[in-house]
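Encoded as structure tokens, the structure appears first; notes follow it.
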There are 2 protein chains.
Amino acid sequence: MPSYKAPLRDIKFLMTELLDAPAELAKMPYYAANEVADADLLSQVLDEAARFVETELVPLNRVGDQEGCVRHDDSEVTTPTGFKAAYKKYTQAGWSALDADPNYGGQGMPHLISNVLVEMMNSANVAWAMYPGLSHGAYSALHAVGSDELKNLYLPKIVSGEWTGTMCLTEPHAGTDLGIIRTKASDNGDGTYSVTGTKIFISAGEHDMAENIVHLVLARLDGSPEGTKGISLFLVPKYIPGDDGRLGERNGVVCGSIEHKMGINGNATAVLNFDGAKGWLVGEINKGMNHMFIMMNAARLGTGLQGLGLGEVAYQNALAYAKDRTQMRHEPRVNPGEQADPILVHPDVRRMLLTGKAYSEAGRAMAMWLALSLDTEHHHPDEAKRKEAADLVALLTPIAKAFMTDNGFNVAVQSQQVFGGHGYIQEWGMEQFVRDARIGQIYEGTNGIQSLDLLGRKVLMDGGKKLQKLAGTLQEFAEEHEGDEHIGDYVTQLGKAAQQLGSLTMVIGQKAMQEGGADEVNAAAVDYLRFFGHVVYGYLWARMAKIAHDKVDAGQDKDGFYLSKVQTARFYFAKLFPETKALAATIKAGNETLAVDDRAVFGWEQLVTA
Amino acid sequence: MPSYKAPLRDIKFLMTELLDAPAELAKMPYYAANEVADADLLSQVLDEAARFVETELVPLNRVGDQEGCVRHDDSEVTTPTGFKAAYKKYTQAGWSALDADPNYGGQGMPHLISNVLVEMMNSANVAWAMYPGLSHGAYSALHAVGSDELKNLYLPKIVSGEWTGTMCLTEPHAGTDLGIIRTKASDNGDGTYSVTGTKIFISAGEHDMAENIVHLVLARLDGSPEGTKGISLFLVPKYIPGDDGRLGERNGVVCGSIEHKMGINGNATAVLNFDGAKGWLVGEINKGMNHMFIMMNAARLGTGLQGLGLGEVAYQNALAYAKDRTQMRHEPRVNPGEQADPILVHPDVRRMLLTGKAYSEAGRAMAMWLALSLDTEHHHPDEAKRKEAADLVALLTPIAKAFMTDNGFNVAVQSQQVFGGHGYIQEWGMEQFVRDARIGQIYEGTNGIQSLDLLGRKVLMDGGKKLQKLAGTLQEFAEEHEGDEHIGDYVTQLGKAAQQLGSLTMVIGQKAMQEGGADEVNAAAVDYLRFFGHVVYGYLWARMAKIAHDKVDAGQDKDGFYLSKVQTARFYFAKLFPETKALAATIKAGNETLAVDDRAVFGWEQLVTA
């Protein structure tokens, strides 16, 4: 059975040494007032989070996969053995309230910390972690745009974890294309609405872990315009609460079935049938898509953290196996008296492991940087800082979602490979990581959609301003350390790549504006996001390497942690970063070779062009 | 439910236009004598093979995955519903005898044709296809090195399909490292041996599809030396036949359990306990590893064909879905009166599909070239031609295994991605392709081991002679078509890459011979194989493009088939071949960044070096 130890040493390094987070947080009155901007306190919370996750969630991961969820004839759903009890402990220990607003019972901790908790939970048990994860998304949207009445009634229950939340977007015919949803809402004239329609793929959509479920549902109000501009967001509870929060009658939303999936079997993926269910408007009429994006952005980072968490745990187990499993001999021998040496001696095994380590550590650095930027965006007293942080969050969110889930999946696959045939057998648990990791690339907007969001919306829509700001930061860093004896070579590569990112962006932008160039953004987007991801990871590895080299040089590397950073950075630039060379070529190749003859190549008679 | 149509048009193009196979086969007296070197006959056989596969095997693919195999208390194993009946039809139609020796009831058809049948079966139902696949491996080894007595008794039954075969290599502590196996054989003094030990991961190891199972077992004969030089190959039947082939007593080999796996659930992966089981020596004492490689080489190509077949079927279904599923709008509109257009209009969807198409068609070309080379190796009257073919087979076999299974898995993953969330749901069948494809990268020697075989054994061991021969062929082709209006650009890229392959090989070889350079081959091997694979695919795409352009230019492209080839080749060189740029860099980076400090980086106290 796989094991997991939260990478606390690395997390604390990032928090204090890379990000200087306690000092940054102390500048924000919100955190200062909540008395949470203290390095020791933050560190203690992380220790406790690790203990909870390792003790309560890790042991339930395999049982969740094997048992899955069961829907009964009365449309109720039972979660796997132990899930409900662990959730009770989670809420009782206050984890559901961790970064929530103290006005609604929250602890007011920074995103930086809840981000780490989510990473850990995803390593331990991603299917379980999705239940509180969805609640968090619902909390965010409701907190941001809900009326005081709704907030006062629902938020304390969600924060305490007594009730959980969902995001109801997808319909059978409408996934990416939410503008064509058919779920309808009619005004009841009493401040409530009747919601009718079918939603599919609703994670945590029905379960027995909490007494009530708060569905946030996209629907079209009668008389609203077509498309995304006619969509509103409604709150539809499973049980309708009284003003005192006590559960009242059962609402008209039932689970029609649950899906049988490739993975994340411990999470109930529900078909929800809304039949005149009573709902309340959240935010403004016809602004549902904007409001939903509050949830989606949180969910996108959360999904990225699934990739990170699953990559990390897969790496940890592959490393343990590589130390234990002996096969073939290496000179010099490790086990001179025995038949074979641990497979960790073989360079190709080390390559697979270092890939996992390098992607996990860079991903963690990016995620924590992003989380701290969220804190800054929301709570920094300086408006310019808030704006700067918001821009960075906008850029990094699609990268966090897509780059981390792609890397996480690939790392899970390579870590499984380290096990040879045993990796394919269920009892070792490695194949579950692969199956569980696969969904992250698909949901919350496929990674193709993330790429379009990055290139089309975040980069090109403002004429590259946000990109230039970030590229400027990187190039400044590169210039500052040009010729550095340790990281000089890295910053040279980084500076070139950052420059190339700018020129590639220009090339795409120009092509896109030409006659017939409308497809150029779509054609380049996926490769562009991967290129961009490497530039960000390269920047973070160079920064981490700089800190680590200084420590090593100063003789302050007692446990080898900094040497590990130094050598992993070196590996990253030698073996992973060069992917940018191929990506630059495929980005430049553009749409030309994709614009094939549909009839000849795809046997498609329904032609796009004559 | 997924569908599958055998790509007969492409197969026949490759057979007649790329490979000119009927004419080549006609030069070989063996095929001429068997009267099978006829284009029309070969084409008919392929049509019938496609009909059998599409009708009988496709419908059993999902049921095989869902039901899996069941082991009963008496150690017998039941295969999924329909598997046994389909196998009976398969044998009755003579498919098990297709390329077998007429002396033992075979039809004497070329490998070229059985290769295609295997590809089709793997597309349709890889778990099912493994039962006859394993028999074929056992047939090959027995046919090559078995005594006449064993051959006369066993081969007719294996050829007819009445009995199936297995390869028993792996033990709990010995996978890649077969030199340390513990299964023992003792000479009974009567021409038989007693075999005792435990073998694991035995595909098709126990089942109800045939009346007898012929296990080919690696074991160490009492008194044999340690390591791979002391291993012999034994034939151990489940039931011991009399001289007349009638089944006699049950032998001392039982299925201890079957594995629960990530995929290929329809195939029983058995733990086999040999307890003084009666066996017969196959070939020479202590030459078991050599004899086993006869099976392994066949199995490696067969495994590569799993990657090819699964990539092909995943691509076909993704393409069908992309035509059917409407989501978002594209200018110009395809469905002007409707809400959304088929997703095939989106360039990124086309990129994913073209990736599947380009890898599948190049893989098929390589596999058929390799299969025809096997025919040449075994049956060409000219010894020089046989030698040349054998060298090519030696080089291409590890590439066929590793490059095709890696690409097949990646194509299955990308094809699943085309389905969005539906790809993650079991009923669509796409996730099964991903799970089934994953094993191909692992078994029959992991892809890391294939890479070492290619670089260490096939390329460097003879000082690069086989490589030079192939590279010479490629460069000749490149020079011949330099400046060609259609493929001039491709051959320029190809020529450079072929040259680079040579120089990279030299760099690795030189590093490896230096003091402390023993790990350089292992460090570079995986990236080297991928680079080599692209060079081979690039060569084949350039050749296919040349043929296709000529047809298009001559106005002979009635159905658009040749235009499809032309445009897929263009895509391949623009979007997939550039991976070589990254690989060249990572190959050059060598072992340096993998030779990290074990204690610091991996927390490994059991140090390799002081």
**OP:** Kindly state which strands (runs of 3 or more DSSP E) lie completely within region A:194-289 and contain at least 2 residues that are of a type in the set (Asp, Glu) and crowded, with 17+ Cβ neighbours inside 10 Å.
**Re:** none
Subject >> Flag if A:Asp527 is facing chain B (nearest Cβ under 9 Å), touching a Leu at 6+ places or on another chain (Cβ under 9 Å) and surrounded by 22 or more Cβ atoms within 10 Å (Cβ to Cβ) >> reply: yes
Original post:
From the list B:Gly421, B:Gly408, which residue is without any contact (Cβ under 8 Å) to a residue 12 or more places away in the chain and part of a helix (DSSP H, G or I)?
Top reply: B:Gly421
Subject >> Matching option when the condition is under 20 Å from the mean Cα position of the chain (by Cα), open to solvent by less than 10 Å² (accessible area, probe 1.4 Å) and within 13 Å of chain A (Cβ to nearest Cβ), among B:Ala358, B:Ala365 >> reply: B:Ala358
Original post:
Going by the structure shown, is A:Gly252 within 30 Å of A:Thr81 (Cβ to Cβ), away from every other protein chain (no Cβ under 14 Å) and at pLDDT 95 or above?
Top reply: no
**OP:** Look at A:Val535 and say whether it is more than 8 Å from every other protein chain (Cβ to nearest Cβ), within 29 Å of A:Asn410 (Cα to Cα), among the β-branched types (Val, Ile, Thr) and open to solvent by less than 10 Å² (accessible area, probe 1.4 Å).
**Re:** yes
**OP:** Specify the residue that is nearest to B:Gly252 (Cα to Cα); the eligible residues are those in region B:154-200 that are more than 14 Å from every other protein chain (Cβ to nearest Cβ), of a type in the set (Asp, Glu) and in contact (Cβ under 8 Å) with a residue 24 or more places away in the chain.
**Re:** B:Asp187
**OP:** Please go through region A:339-352 and pick out each residue that is within 7 Å of chain B (Cβ to nearest Cβ) and under 30 Å from the mean Cα position of the chain (by Cα).
**Re:** A:Asp348, A:Arg350, A:Arg351
Subject >> Candidate set: region A:474-499, residues that are polar (S, T, N, Q) and without any contact (Cβ under 8 Å) to a residue 40 or more places away in the chain; chosen: the one least open to solvent (accessible area, probe 1.4 Å) >> reply: A:Gln475
**OP:** Could you please find all residues in region B:548-601 being crowded, with 23+ Cβ neighbours inside 10 Å, touching a Leu at 6+ places or on another chain (Cβ under 6 Å) and either assigned to a loop (DSSP other than H, G, I, E, B) or more than 7 Å from every other protein chain (Cβ to nearest Cβ) (or both)?
**Re:** B:Ile587
**OP:** Could you identify the single residue in A:Gly502, A:Gly448 that is in contact (Cβ under 8 Å) with a residue 24 or more places away in the chain, in contact with an Asp or Glu (Cβ under 6 Å, 6 or more places away or on another chain) and open to solvent by 10 Å² or more (accessible area, probe 1.4 Å)?
**Re:** A:Gly448
Subject >> Those residues of region B:183-193 which are open to solvent by 30 Å² or more (accessible area, probe 1.4 Å) and under 31 Å from the mean Cα position of the chain (by Cα), in sequence order >> reply: B:Lys184
**OP:** Might you let me know whether region B:129-138 holds any residue that is over 18 Å from the mean Cα position of the chain (by Cα), buried (at least 22 other Cβ atoms within 10 Å of the Cβ) and closer than 22 Å to B:Thr303 by Cβ?
**Re:** no
Original post:
What helices (runs of 4 or more DSSP H) completely inside region A:1-107 contain at least 3 residues that are open to solvent by less than 60 Å² (accessible area, probe 1.4 Å) and modelled with pLDDT of 95 or more?
Top reply: A:8-12, A:21-26, A:39-52, A:61-67, A:83-92
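Residues checked against (1) at pLDDT 95 or above; (2) more than 25 Å from A:Glu24 (Cα to Cα); (3) not assigned by TED's automatic domain parsing to the domain that holds A:Arg530:
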| residue | (1), (2), (3) |
| --- | --- |
| A:Met296 | no, yes, yes |
| A:Leu305 | yes, no, yes |
| A:Val313 | yes, yes, yes |
| A:Ala322 | yes, yes, yes |
| A:Arg325 | yes, yes, yes |
| A:Asn335 | no, yes, yes |
| A:Thr355 | yes, yes, yes |
Original post:
Which members of region A:308-329 meet the condition of being facing chain B (nearest Cβ under 7 Å), in a loop (DSSP other than H, G, I, E, B) and either buried (at least 21 other Cβ atoms within 10 Å of the Cβ) or touching a helix residue (DSSP H, G or I) at 6+ places or on another chain (Cβ under 6 Å) (or both)?
Top reply: A:Gln327
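The values are calculated or read from the model by the stated rules, or taken from the named source; none is laboratory data. As the structure is a prediction and not an experimental result, all values here were calculated from the model. In this analysis, Cβ positions are derived from the backbone assuming ideal geometry, glycine residues included, and neighbour counts consider all displayed protein chains. Each accessible area value is taken on the protein alone, full model and side chains, heavy atoms only, with ligands, DNA and RNA left out. Shrake-Rupley method; radii C 1.70, N 1.55, O 1.52, S 1.80 Å.
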